[in-house]
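A short worksheet on the structure shown next.
All of the numbers you see were taken from the coordinates with simple rules; none came from a lab. Just so it is clear, the structure is predicted and the values come from calculations on it, not from any experiment. All Cβ positions, glycine included, derive from the backbone under ideal geometry; neighbour counts span all protein chains shown.
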Amino acid sequence: MSESRTVLPWMVIRQDPNGNRYRVGRYATRAEAQSMAERLGGDRAGGAGAEGVDGAAQERRYLVERLRRGGGDHA
């Protein structure tokens, strides 16, 4: 079966205020990844999302990046 060989080169990455980065998901197209980043980040991708308890928006960015060929993905 070829399902295990499905190519998902576009990633949504969450970056917190300290610069820590976490992969949220992988997608087949840039449009899919961008759509998810916008949903997670509120009205704008790469913007602040998820308001904190005090009502202030936390600086949490959702970025769209393409997986580099031959770079591997061991995370």
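Full extension of the segment from A28 to I13, taken as 0.36 nm per residue of separation minus the current Cα-Cα distance, would add 3.9 nm. Put simply, the amide H of R60, placed in the peptide plane, has neighbours under 5 Å in G49, leaving out anything fewer than 5 places away on its chain.
Put simply, when 11-20, 29-38 are sorted by average Cβ atoms within 10 angstrom per residue, most first, you get 29-38, 11-20.
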